[in-house]
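The values are calculated or read from the model by the stated rules, or taken from the named source; none is laboratory data. Worth saying up front: this structure is predicted, and the values here are computed from it rather than measured. Positions of Cβ are generated from backbone atoms using ideal geometry, with glycine treated the same way; all protein chains shown enter the neighbour counts.
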Amino acid sequence: MSDGLNGKVAFITGGGQGIGQGIALSLAKRGVRVVAVGRTLAKCDKTVTLIQERFGQEALAIGADITNLDQLPNLIEQTIERFGRLDILVNNAVSATIKPLLKLTQDDIHRAMMSGPMATLLLMQAAYPHLSKEGGSIINMASSAAKRWDMTNYGLYAAEKEAIRALTRTAASEWGGNNIRSNCILPHAKSPALEWWTQNRPEEAAAFVKTIPMQRIGECEDDIGEFVAMLCSNQSRYVNGQSIAVDGGQAYMG
């Protein structure tokens with residue numbers, strides 16, 4: 001069975017680095033035309049350059065801050081104008097605020113909700129009419145933060161990600177009949193955010209790695225990107241509404 005990805009189009013937020021870039025490369029490897037979106041256009045341009053150099057595949061970079069919610073439908077329209085279709089939506093961009101509850105400000109909460117569930121939902125809504133034409137796949141990024149035994153400092157980040165999980169499950173229920181599959185992954189990967197965490201909270205990071213049965217952090221492309229490509233492929237055509245930890249066995253999703 002073919003994976004069915006060649007010639008499709010994927011829109012990826014946070015596509016200029018880390019997990020988003022890893023997903024972009026894994027999809028492009030299979031013939032998917034990628035739209036890499038991020039706040040820093042130069043980083044997205046780098047992703048496009050890597051795709052062209054490695055796979056000779058057409059790709060588009062767009063510089064945009066997804067917290068500017070009014071512009072999100074236009075980003076989808078730019079994709080349609082360039083490639084004529086949209087088959088895969090990857091909501092990857094996020095802002096992570098790690099603070100005790102009593103130190104969270106309204107600005108912290110607003111930024112988290114705008115870049116997380118609000119941007120995710122609005123992009124899903126904008127993508128829906130295009131994904132429903134021939135069937136498509138939505139991949140949203142969640143987190144195992146809410147599965148931590150001790151959630152000290154992780155309340156807002158976990159809330160943001162759990163809201164995304166709820167939206168994903170709802171889309172799976174409401175849009176599955178239109179052949180749109182919606183799934184979440186909960187990844188651990190060597191992203192810039194994780195590197196920051198490792199540098200700024202080295203003891204916590206080292207202790208965390210010890211809780212991963214495979215004793216390592218995943219690679220953005222070879223572990224996370226490859227799994228997302230499989231999840232978007234024909235081989236996963238009956239997988240819908242799931243939250244899947246891609247984390248070496250650390251999270252217990254039961």
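Inside the stretch 186-205, residues that are modelled with pLDDT under 85 and either on the phi > 0 side of the Ramachandran plot or among the small types (Gly, Ala, Ser) (or both) make up a count of 3. If the condition is being closer than 20 Å to residue 25 by Cβ and part of a loop (DSSP other than H, G, I, E, B), then the stretch 217-246 contributes 217, 219, 233.
Taking every residue in the stretch 214-231 that is farther than 16 Å from residue 17 by Cα and pairing it with any residue that is among the basic types (Lys, Arg) and modelled with pLDDT of 95 or more, at least 6 positions away or on another chain, the pairs with Cβ-Cβ distances below 9 Å are 229/29; 229/30; 231/181. Listed by first and then second residue, the pairs linking a residue in the stretch 236-254 that is within 14 Å of residue 145 (Cα to Cα) to a residue that is assigned to a loop (DSSP other than H, G, I, E, B) and of a type in the set (Ser, Thr, Tyr), with Cβ atoms under 6 Å apart and 6 or more places separating them unless they lie on different chains, are 250/211.
Yes/no per residue for (1) without any contact (Cβ under 8 Å) to a residue 12 or more places away in the chain; (2) on the phi > 0 side of the Ramachandran plot; (3) not basic (Lys, Arg):
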{"residue": "64", "(1), (2), (3)": "no, no, yes"}
{"residue": "87", "(1), (2), (3)": "no, no, yes"}
{"residue": "96", "(1), (2), (3)": "no, no, yes"}
{"residue": "99", "(1), (2), (3)": "no, no, no"}
{"residue": "103", "(1), (2), (3)": "yes, no, no"}
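Only strands (runs of 3 or more DSSP E) whose full extent lies in the stretch 1-65 are considered here, and the ones with at least 2 residues that are over 22 Å from residue 184 (Cβ atoms) and touching a strand residue (DSSP E or B) at 6+ places or on another chain (Cβ under 7 Å) are 59-63.
Looking only at the stretch 46-59, residues that are surrounded by fewer than 20 Cβ atoms within 10 Å (Cβ to Cβ) and closer than 13 Å to residue 14 by Cα come to 1 in all. Filtered by the rule that a residue be of a type in the set (Ser, Thr, Tyr) and either under 15 Å from the mean Cα position of the chain (by Cα) or within 29 Å of residue 175 (Cα to Cα) (or both), the stretch 201-254 gives 233, 236, 238, 243, 252.
From 92, 74, 6, which residue is closer than 29 Å to residue 240 by Cα, within 15 Å of the chain's Cα centre (by Cα) and either surrounded by fewer than 24 Cβ atoms within 10 Å (Cβ to Cβ) or touching a residue at least 24 places away in the same chain (Cβ under 8 Å) (or both)?
Numbers: 74 fails: within 15 Å of the chain's Cα centre (by Cα); 6 fails: within 15 Å of the chain's Cα centre (by Cα).
Exactly one of 92, 74, 6 is closer than 29 Å to residue 240 by Cα, within 15 Å of the chain's Cα centre (by Cα) and either surrounded by fewer than 24 Cβ atoms within 10 Å (Cβ to Cβ) or touching a residue at least 24 places away in the same chain (Cβ under 8 Å) (or both), namely 92.
The residue that is nearest to residue 99 (Cα to Cα), among those in the stretch 137-176 that are in contact with a Cys (Cβ under 9 Å, 6 or more places away or on another chain) and among the small types (Gly, Ala, Ser), is 142.
Restricting attention to the stretch 144-181, the residues being free of Cβ contacts under 8 Å to residues at least 40 places away in the same chain and farther than 18 Å from residue 90 by Cα number 9. Within the stretch 21-40, residues that are over 16 Å from residue 93 (Cα atoms) sit with their Cβ atoms under 9 Å from residues that are among the β-branched types (Val, Ile, Thr) and assigned to a loop (DSSP other than H, G, I, E, B), at 6+ positions apart or across chains, in these pairs: 26/32.
Comparison of 101, 131 shows that the only residue that is of a type outside the set (Val, Ile, Thr) and within 26 Å of residue 175 (Cα to Cα) is 131.
Applying the set (1) of a type in the set (Ser, Thr, Tyr); (2) buried (at least 17 other Cβ atoms within 10 Å of the Cβ); (3) out of contact with any Lys or Arg (no Cβ under 9 Å at 6 or more places or on another chain) to residue 40 leaves exactly one unmet item: (2). Residue check: is residue 239 surrounded by 20 or more Cβ atoms within 10 Å (Cβ to Cβ), under 24 Å from residue 121 (Cα atoms) and β-branched (Val, Ile, Thr)? Considered against the rule, which asks whether it is surrounded by 20 or more Cβ atoms within 10 Å (Cβ to Cβ), under 24 Å from residue 121 (Cα atoms) and β-branched (Val, Ile, Thr), residue 239 comes out as no. From the list 249, 155, the lone residue that is more than 21 Å from residue 19 (Cβ to Cβ) and out of contact with any Phe, Trp or Tyr (no Cβ under 9 Å at 6 or more places or on another chain) is 155.
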